[in-house]
Structure formats: structure tokens, C-alpha cells
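Enquirer: Please see the structure below; I have some questions.
The values are calculated or read from the model by the stated rules, or taken from the named source; none is laboratory data. All figures in this text were calculated on a predicted structure; none of them were measured in a lab. For neighbour counting, all protein chains shown are included, and Cβ atoms are generated from backbone atoms with ideal geometry for every residue, glycine included. Please note that ligands, DNA and RNA were not included when accessible areas were found on the heavy atoms of the full protein model with its side chains. Shrake-Rupley method; radii C 1.70, N 1.55, O 1.52, S 1.80 Å.
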Amino acid sequence: MRKAIFPGSFDPITLGHYDIINRALPLFDEIVIAIGVNAEKKYMFSLEDRLKFITDAFQNEPKISVVTYTGLTIDLCQKLNAQFILRGLRNPADFEFEKAIAHTNRKLSQIETVFLLTAASTSYISSSIVRDVIRNNGNYRVLVPDSVVLK
């Protein structure tokens, strides 16, 4: 069974994340979307909201589950018997950053990182851009799945 962990803060999940996950479905038997919790980071959305956004977005996809975690992603992979980490790449800067993490993860474990390039139509979207659009009362709905709804 090929199981992948797709880690991130998902503050909030974007159409870029959504695209990567949907395109990865044929590659894996199971994808665990793992919401990382960092006590030192300020989030716009609560952990409960982020969990709901993702769960609702993939409610009809049995190959996807959602968890929260703290600590190293490779420790979560080992705990859940996942052989792969899934990551999306938007640009060369993402690649350089993610490459260093992937090399470190492989040095510390036997877990491989699988990279998918974002679709051209979503490559400009990041959670930080979405948060900025929300803060400035812009139309964030065109950047996120329908499940992302402000209270």
C-alpha cells in the first residue's frame, strides 16, 4: 500500500493545495493531509476551522484522511506507516527550500519525498496571499475550495 503524508499549515487550504491533492490521488492508495501545529506561529484560522475546511473539501474521497500533528513530519510518517511525503512546487524558490528538507528527511529516515508541480492556473496562489486578500476584504473565494468559509 502506497501511503503519502501531505503536510502543511493550510492556513487556509488553497486551490493550489486542492489541485496537488487531487492530482496525487492516482499515485497513492491513501493520502493523509497532515495539519502541522506550531505553537510559535500565529494562524489566521483556528486548528478546528482548518480541519473542517479540509475535511469538508474532501468529504467524498475515501482515499483521503486528515490529521493534526506536532513535531517532525518523518515521525508522523513512521507512526502512520507512510512511505512518502507529498509536496507541491510553485517556483524555483519552493524547489530549493523543499529539496533541502527532502534531503534531510531521507538522511534521517527512509522516507521519500514526491514533488508535483502546481498547475499553471494555481501556481501564484499561496496561503499568505489568501490571508492578505482576506485581511483587505478582497474576493478570496476564487483562491480557495468552496469549503473555506469565513465566519
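Enquirer: Please work out which residue is farthest from Val37 (Cα to Cα), limiting yourself to segment 48-62 and to residues that are part of a loop (DSSP other than H, G, I, E, B) and open to solvent by less than 60 Å² (accessible area, probe 1.4 Å). If you could, list the steps in order and put the result at the bottom.
Expert: Residues of segment 48-62 that are part of a loop (DSSP other than H, G, I, E, B), as a first pass: 58-62.
Remaining after also requiring open to solvent by less than 60 Å² (accessible area, probe 1.4 Å): 58, 61.
On the way: Phe58: 21, Glu61: 24 Å.
Ranking the candidates gives Glu61 first.
Enquirer: Let me ask you something else. Spot the failing condition for Ala119; the list is (1) open to solvent by less than 70 Å² (accessible area, probe 1.4 Å); (2) of a type outside the set (Ser, Thr, Tyr); (3) closer than 30 Å to Met1 by Cα; (4) not in a loop (DSSP other than H, G, I, E, B), and only one is missed.
Expert: (4)
Enquirer: Sticking with this structure for a sec: Determine, yes or no, whether Val133 is within 22 Å of Ile54 (Cα to Cα), of a type outside the set (Lys, Arg) and either open to solvent by 60 Å² or more (accessible area, probe 1.4 Å) or touching a His at 6+ places or on another chain (Cβ under 9 Å) (or both).
Expert: Working: within 22 Å of Ile54 (Cα to Cα): yes; of a type outside the set (Lys, Arg): yes; either open to solvent by 60 Å² or more (accessible area, probe 1.4 Å) or touching a His at 6+ places or on another chain (Cβ under 9 Å) (or both): no.
The answer is no for Val133.
Enquirer: A further question on this structure: Can we say Ser123 is under 15 Å from the mean Cα position of the chain (by Cα) and more than 22 Å from Thr73 (Cβ to Cβ)?
Expert: yes
Enquirer: Can I ask one more? If the Cβ limit is 6 Å and pairs must be 6+ apart or interchain, which residue in segment 117-135 that is touching a residue at least 40 places away in the same chain (Cβ under 8 Å) pairs with which residue that is among the acidic types (Asp, Glu) and surrounded by 17 or more Cβ atoms within 10 Å (Cβ to Cβ)?
Expert: Going by the 6 Å Cβ cut-off, the qualifying pairs are Ala119/Asp19; Thr122/Asp19; Ser127/Asp11.
Enquirer: Looking at this structure, is Val144 under 19 Å from Ala24 (Cα atoms), in a loop (DSSP other than H, G, I, E, B) and among the hydrophobic types (A, V, I, L, M, F, W, C)?
Expert: Yes.
Enquirer: Taking into account only those residues within segment 72-97 that are more than 19 Å from Ile31 (Cα to Cα) and without any contact (Cβ under 8 Å) to a residue 40 or more places away in the chain, which is most open to solvent (accessible area, probe 1.4 Å)?
Expert: Phe97
Enquirer: I want to confirm something. Restricting to segment 104-114 and keeping residues that are in contact with a strand residue (DSSP E or B) (Cβ under 9 Å, 6 or more places away or on another chain) and open to solvent by 70 Å² or more (accessible area, probe 1.4 Å), which single residue is farthest from Ala24 (Cα to Cα)?
Expert: Residue satisfying both the conditions and the ranking: Arg106.
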